[in-house]
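Nothing in this text is a laboratory measurement; each read-out follows from the coordinates by a stated rule. Since the model is a prediction, treat every value here as computed from it, not as a measurement. Don't worry about glycine lacking a Cβ; one is built from the backbone with ideal geometry, like all the others, and counts go over all protein chains shown.
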Amino acid sequence: MKNIFLPILLITSQLCYSQINLPWQGKKCAVVLTYDDAYNQHLDNAIPVLDSLGLKATFYITAFSTSMQTRMNEWKKLAVNGHELGNHTLFHPCIGGKGREWVKPEYDLNNYTVQRMVDETRMTNLFLHTLDGKTKRTFAFTCGDMKIGDSSFINGMKDDFIAARAVRNQMHKINEIDLYNVDCYMVNGETGAQLIEW
């Protein structure tokens, strides 16, 4: 949550098919830029740069974020302009504890039930639908946390999402990708050469 302007990069590698069958307009891979949490900096900094380059991104929205509360019409315009609004929960709950003292007790996944998580993500989907009119949506795990206790909560939400982005720094071949645990790389000062190497 501290890297408020840095995108998370999903690189979906495609190494197992012949050149003729490459699914991304004849390219070897696809890169997706994603931004989490719905910060003002996304509207003020990321969007102008992306739009100037003709690039589109996925913005994973925390529906109760300060920026969403004060600049909702600007977020709505993102969808109209071709950017994706993804679900990043209602309140951005994470597992609290040592090293995560910033997690408020009321939003600590240790205090959640799977049903509460499902309900909050469904409420966020409903909210996002009012902004963009879409019924198909992707999800991004908050803080990379995928369980409540020992239960994976995504299983109860698979009918609500077409895919879910995790936070593992790994890359899989296209036929090995779990759509409810899609890999990604966080970009935080890496060079262009490093990104190309990924």
Within a Gaussian network of the chain (alpha carbon springs, distance under 10 Å), most fluctuating of 125, 45, 87
45
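Using the Cβ atoms and a cut-off under 14 Å, what net charge is assigned to the surroundings of residue 148, where Lys and Arg are +1 and Asp and Glu are -1?
For residues surrounding residue 148, the net value is -3.
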Can you tell me the orientation of helix 114-132 relative to the chain, as the angle in degrees between its alpha-carbon axis and the longest Cα principal axis, to the nearest 10?
60
Residues whose placed amide H lies under 5 Å from that of residue 163, excluding near-sequence neighbours:
139
How compact is the chain by the rule of thumb for globular proteins, expressed as Cα Rg over 2.2 N^0.38 Å?
1.03
Of the chain, which part is the longest with no trypsin sites (Lys or Arg not before Pro) in a loop (DSSP not H, G, I, E, B) and with at most 15 other C-beta atoms within 10 angstrom?
57-97
Can you return the lysines within cross-link range of residue 28? Criterion is Cα-Cα under 27 Å, with same-chain partners fewer than 8 residues away left out.
56, 136, 173
Note to self, the chain gives a 222 nm [θ] from helices alone (DSSP H runs n ≥ 4, -39500 (n - 2.57) apiece, / all residues, nearest 500) of -6500 deg cm²/dmol
For region 84-95, Karplus-derived ³J(HN,Hα) couplings (6.51, -1.76, 1.60; θ = phi - 60°; whole Hz; x for glycine and proline) come out as 8, 9, x, 8, 10, 6, 7, 10, 6, x, 9, 6
